[in-house]
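The values are calculated or read from the model by the stated rules, or taken from the named source; none is laboratory data. This is a predicted model, so every value here is computed, not measured. So basically every Cβ, Gly included, is an ideal-geometry build from the backbone, and we count neighbours across all protein chains shown. Each accessible area value is taken on the protein alone, full model and side chains, heavy atoms only, with ligands, DNA and RNA left out. Shrake-Rupley method; radii C 1.70, N 1.55, O 1.52, S 1.80 Å.
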Amino acid sequence: MAQAYHHTLGSRHYRFDSLAELMAKATPARSGDRLAGVIADSAEERVVAQMALAELPLSTFLEDHLVPYGEDEITRLIVDTHDADAFAPIRHLTVGDFRNWLLSDLATPETIARARAGITPEMAAAVSKIMRNQDLILVARKCRVTTAFRNTIGLPGRLSTRLQPNHPTDDATGIAASLLDGLLYGNGDAVLGINPATDNVAQSIKLMTLMDEVIQKYSIPTQSCVLTHVTNTLEAIEQGAPVDLVFQSIGGTQATNESFGFDLATLGEARDAARSLKRGTVGDNVMYFETGQGSSLSANAHHGLDQQTCEARAYAVARHFEPLLVNTVVGFIGPEYLFDGKQIIRAGLEDHFCAKLLGVPMGCDICYTNHADADQNDMDNLLTLLGAAGCTFIMGIPGSDDIMLNYQTTSFHDALYARRVLDLSPAPEFERWLDEMAIFEDVARHRPSGRLPDAFARPLSRLPEGGVR
């Protein structure tokens, strides 16, 4: 039987029948939790739940499992890999004390890094629920996570970008044009990553080969990825395809991932297969994961949990497989889960904070669908806040409009804006390449060249008059 949790405010007594209910009702309001029927009945109940949660010992989460151990392999992963020695220095803290410690000068980047193996996703989710936006930004900025493949991602003072040249028919010329456009704005150091319009092994190999040829021809210190199902990438590796990164969307419960068609063993097989290719030059982080609040609820696999707690549990999966990149596609599922700009902004900051606290190299697809109560100004706000928080990477798409997936995200020039305003640079290897190729005339000031670099101008001059037909 689930343990009940209580809190008295004045003459009124509140009861929460389980830890899951307490966590859900302490969560800032969002449409997905209302849809799931787990939201607080009032703002007062929400604050009381937050007060009760703040008094809860962190060790509670090691004893009261939100999803039963015997029913869920992610719960087993969280419990079985928990590091008691790393947890020992913070074991005596309540959730409220944990917040205060994280905000204090005692919690340096180094002390947080030493503790992270002892912090469970549920602890991270719990503390985020009692933090203001500025708290999430300040602490996330102190959480440093560095990964590497052909360049080094996540160093302080750096903001990387995924160059996303999607095309509604996977047209090679259209993809190449987007790649060129993005590179000229200094995008693409995180990954050249395509969502295929036709998702099968043959098409994935075709797109992998296209991007690999571009990377090799211009000696670009970056990596490529076709965002196809993990089993397709495994088959592509077996066929000798030039696979850099293995992609998979992941969720925070076993049932969610089963709905996506994989389990943890599949991810382990894929990581080992990709590493066996030895295509990295400065590191061997070969996995790329995407997450997003609401995925477990949409799969009816949330076990009665709020969507943010389910999301944090997905980061246990991510960190176990040592990825190069992870990002939350924060507003992609739609207003049924995050209704408006305010909810999207809060969710983006929560996701980034929880992931970084757990040691995950977290980026964000700062996005919304056209039927959400949000606009590009909301995305500008979230972009700026995440840049201040030390976000690992963002998306770069022509005109911020993904014409294949039909949603709004960040553009090539949005990334240039963030780097200029916040004085952030690309990955160091990629930054040197921009300078050597004369793509940027002043890399320190993030100033693109006023002329087309010779390396790109020569092949373009050989195109037939009127362009490619």
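Structure values in brief
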{"read-out": "Which listed residue, of D378, D340, D373, is among the charged types (D, E, K, R), closer than 23 Å to L416 by Cα and in contact with a helix residue (DSSP H, G or I) (Cβ under 9 Å, 6 or more places away or on another chain)", "value": "D378"}
{"read-out": "Conditions (1) farther than 22 Å from E122 by Cβ; (2) crowded, with 24+ Cβ neighbours inside 10 Å: number failed by Y315", "value": "(1)"}
{"read-out": "Residue list for segment 27-41, restricted to those being within 14 Å of F16 (Cα to Cα) and either out of contact with any helix residue (DSSP H, G or I) (no Cβ under 9 Å at 6 or more places or on another chain) or not small (G, A, S) (or both)", "value": "T27, V38, I39, D41"}
{"read-out": "Scope segment 182-219; condition in contact with a helix residue (DSSP H, G or I) (Cβ under 6 Å, 6 or more places away or on another chain) and under 17 Å from T409 (Cα atoms); matching residues", "value": "G182, Y185, N187, G188, L192, I194"}
{"read-out": "Selection count, segment 166-207, where residues are open to solvent by less than 10 Å² (accessible area, probe 1.4 Å) and assigned to a helix (DSSP H, G or I)", "value": "6"}
{"read-out": "Counted residues, segment 215-231 - those being open to solvent by less than 30 Å² (accessible area, probe 1.4 Å) and either in a helix (DSSP H, G or I) or polar (S, T, N, Q) (or both)", "value": "6"}
{"read-out": "Qualifying residue in segment 263-270 (condition: within 20 Å of the chain's Cα centre (by Cα) and within 23 Å of V330 (Cβ to Cβ))", "value": "yes"}
{"read-out": "Filter result for the condition that a residue is part of a helix (DSSP H, G or I) and either open to solvent by 20 Å² or more (accessible area, probe 1.4 Å) or free of Cβ contacts under 8 Å to residues at least 60 places away in the same chain (or both), over R451, R445, R432", "value": "R432"}
{"read-out": "Residue within segment 402-416 that is touching a strand residue (DSSP E or B) at 6+ places or on another chain (Cβ under 8 Å), open to solvent by 30 Å² or more (accessible area, probe 1.4 Å) and assigned to a loop (DSSP other than H, G, I, E, B) present", "value": "no"}
{"read-out": "Residue count, segment 58-72 (criterion: surrounded by 13 or more Cβ atoms within 10 Å (Cβ to Cβ) and free of Cβ contacts under 8 Å to residues at least 60 places away in the same chain)", "value": "4"}
{"read-out": "Number of positions in segment 252-307 that are in contact with a strand residue (DSSP E or B) (Cβ under 7 Å, 6 or more places away or on another chain), surrounded by fewer than 21 Cβ atoms within 10 Å (Cβ to Cβ) and part of a helix (DSSP H, G or I)", "value": "2"}
{"read-out": "Number of the condition not met by A107 [criteria: (1) closer than 21 Å to L325 by Cβ; (2) part of a loop (DSSP other than H, G, I, E, B)]", "value": "(1)"}
{"read-out": "The listed residue being in contact (Cβ under 8 Å) with a residue 60 or more places away in the chain, farther than 19 Å from N151 by Cβ and among the charged types (D, E, K, R), out of D189, D263, D272", "value": "D263"}
{"read-out": "Flag for D85 being farther than 26 Å from L9 by Cα, assigned to a helix (DSSP H, G or I) and out of contact with any Ser or Thr (no Cβ under 7 Å at 6 or more places or on another chain)", "value": "yes"}
{"read-out": "Restricting segment 232-251 to residues that are farther than 22 Å from T147 by Cα and polar (S, T, N, Q), the residue that is most open to solvent (accessible area, probe 1.4 Å)", "value": "Q239"}
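Matching residues to (1) without any contact (Cβ under 8 Å) to a residue 60 or more places away in the chain; (2) touching a Gly at 6+ places or on another chain (Cβ under 7 Å):
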site: L77; (1), (2): no, no
site: T81; (1), (2): no, no
site: L106; (1), (2): yes, no
site: I130; (1), (2): no, yes
site: R162; (1), (2): no, yes
site: I175; (1), (2): yes, no
site: L179; (1), (2): yes, no
